[in-house]
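Written out below as structure tokens is the structure these notes cover.
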Amino acid sequence: MKEEKLQETSFAFISEDEKKNLKKRIFASVYSYRSRKYRVKYSISITAAIAIVVLICTYIYKIEASPIDDYVKIIKSINNEDFKEVKLILNNNQNILIAEKNAIIKYSNTGEKIKMGVSREANQSVLESKNIVYNTVIVPFGKRSQIELSDGSKVWLNSGSKFVYPAVFKKDKREVYLEGEGIFEVRHDRNHPFIVLAKNHKIDVLGTVFNVSSYSDDDFIGTTLKSGSVQISYKGSSFFKSDKTMKIIPGTSASYNKGTNEINVQNVDVDIYFSWREGAFIFKNDNLKSIAKRISRYYNVDIVVENKELGRQTFSGYLDLKDDVEKVIQTIKETTNFTYDSTEKNRIIIN
């Protein structure tokens, strides 16, 4: 067999141009290899980052999740217009209807006995349960309710409100949920802070008197402080937008705009925000459209302001809510130029 010899390449005879081209090809090959390696590393980094974000979101969700959330989902599906009396829902799904216009509900310190009005009573099993037992009060339009919780705190609920709360507070915090409007007179307990939850909204309390307005069909959530101290937290509109937290002092009101996520804090006459508890509305340069909306809820009457320019006109004054709705409308009419018709049942049209 003939032995084959490898052909040797002599670099001595390569021209300068060929050397330059060869050098370019070598660098191009190295750069291509590094780019592929970088892209692989970059893809792995992005995948890892996404996984970390998902884990953090899941972790935060688990931290913020509360047993009260399940009950909140249930009441969101209940329409206040479906019934005409205050409804109290106990832990055994027992529904109690309270016919009084201003329903009064009072709990024993164990949460097992509930008094309604002067002589009516109800019982529920609470202490045997390992989990927190929640009750719910749903106030239709045209009605109000006053609740004394098991810890002695008092809550006044305005028309069209929904309120979820423990029959008895068992853990290190007293957490309740409100949709609508409520005035809170919280029993002081430094070791068990009182927390009011609303949509994307949390109010931490130690002991104070304040008003919260959080109707689902309003553009804002308002918190007005009469005495004590509260800290308000607003959830950001996305995971990457941090929450906003602030403290307000007595005599101030914080308003959170749901559309713009902006917060406005101003000094106010607090009596304006608490007057409905005493059966009155106090207005100070409020536009007629917003006034009509509040009166509609209070009396459960559909009040329509047809003219937009008229709806923007402002009104200041005192309305006695012990009067019937037409007398209240007549009081407003004395200071503002308009006419109204009440030909349809439960409907008033302001022209």
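Checked against (1) basic (Lys, Arg); (2) more than 20 Å from residue 149 (Cα to Cα); (3) at pLDDT below 90, residue 171 passes all but a single condition, namely (2).
Evaluated against (1) over 14 Å from the mean Cα position of the chain (by Cα); (2) in a strand (DSSP E or B); (3) surrounded by fewer than 16 Cβ atoms within 10 Å (Cβ to Cβ), residue 233 falls short on exactly one condition, (1). Selection of strands (runs of 3 or more DSSP E) fully inside the range 164-206 by the criterion of at least 3 residues being over 25 Å from residue 298 (Cα atoms) returns 201-205.
What about residue 245, is it assigned to a strand (DSSP E or B) and either at pLDDT 95 or above or touching a Cys at 6+ places or on another chain (Cβ under 7 Å) (or both)? Judged against the criteria, residue 245 is not a match. Only residues that are surrounded by 19 or more Cβ atoms within 10 Å (Cβ to Cβ) and under 28 Å from residue 296 (Cβ atoms) were counted in the range 147-159, giving 6.
Got a sec? Which of 216, 290 is among the small types (Gly, Ala, Ser) and either assigned by TED's automatic domain parsing to the domain that holds residue 184 or buried (at least 18 other Cβ atoms within 10 Å of the Cβ) (or both)? Every option except 216 fails the conditions. Evaluate the range 58-70: report whether one residue or more is in contact with a Lys or Arg (Cβ under 7 Å, 6 or more places away or on another chain), assigned to a helix (DSSP H, G or I) and either at pLDDT 90 or above or surrounded by 12 or more Cβ atoms within 10 Å (Cβ to Cβ) (or both). Checking the range 58-70: not a single residue is in contact with a Lys or Arg (Cβ under 7 Å, 6 or more places away or on another chain), assigned to a helix (DSSP H, G or I) and either at pLDDT 90 or above or surrounded by 12 or more Cβ atoms within 10 Å (Cβ to Cβ) (or both).
Screening 206, 178, 197 for residues that are surrounded by fewer than 18 Cβ atoms within 10 Å (Cβ to Cβ), hydrophobic (A, V, I, L, M, F, W, C) and in the same structural domain as residue 251 (by TED's automatic domain parsing) leaves exactly one candidate, 206. Looking across 264, 285, 257, one residue alone is modelled with pLDDT under 95, exposed (fewer than 14 other Cβ atoms within 10 Å of the Cβ) and at positive phi. It is 285.
From the residues in the range 110-146 that are among the polar types (S, T, N, Q), more than 28 Å from the chain's Cα centre (by Cα) and part of a loop (DSSP other than H, G, I, E, B), which one is surrounded by the most Cβ atoms within 10 Å (Cβ to Cβ)? Of everything passing the filter in the range 110-146, 124 is surrounded by the most Cβ atoms within 10 Å (Cβ to Cβ). Suppose the filter is on the phi > 0 side of the Ramachandran plot and out of contact with any helix residue (DSSP H, G or I) (no Cβ under 6 Å at 6 or more places or on another chain); does residue 111 pass it? Judged against the criteria, residue 111 is a match. Per this entry, residue 80 is counted among residues that are within 25 Å of residue 198 (Cα to Cα), surrounded by 17 or more Cβ atoms within 10 Å (Cβ to Cβ) and in contact with a Pro (Cβ under 7 Å, 6 or more places away or on another chain). Number of residues in the range 191-226 that are touching a Gly at 6+ places or on another chain (Cβ under 9 Å) and under 14 Å from residue 153 (Cβ atoms) equals 9.
Listed by first and then second residue, the pairs with beta-carbon distance under 7 Å, at least 6 apart or on different chains, first residue in the range 195-211 and modelled with pLDDT of 85 or more, second of a type in the set (S, T, N, Q) and surrounded by fewer than 16 Cβ atoms within 10 Å (Cβ to Cβ), are 202/233; 204/231; 208/227; 208/229; 209/227. It is to be established whether one or more residues within the range 236-246 are farther than 25 Å from residue 324 by Cα, in contact (Cβ under 8 Å) with a residue 40 or more places away in the chain, in the same structural domain as residue 173 (by TED's automatic domain parsing) and among the charged types (D, E, K, R). For the range 236-246, residues farther than 25 Å from residue 324 by Cα, in contact (Cβ under 8 Å) with a residue 40 or more places away in the chain, in the same structural domain as residue 173 (by TED's automatic domain parsing) and among the charged types (D, E, K, R): absent. For the range 180-193, residues that are modelled with pLDDT under 95 and in contact with a Ser or Thr (Cβ under 8 Å, 6 or more places away or on another chain) total 1.
The values are calculated or read from the model by the stated rules, or taken from the named source; none is laboratory data. What you are looking at is a predicted structure, and each value in this text was computed from that prediction instead of being measured. Neighbour counts run over all protein chains shown; Cβ positions are idealised from the backbone, glycine included.
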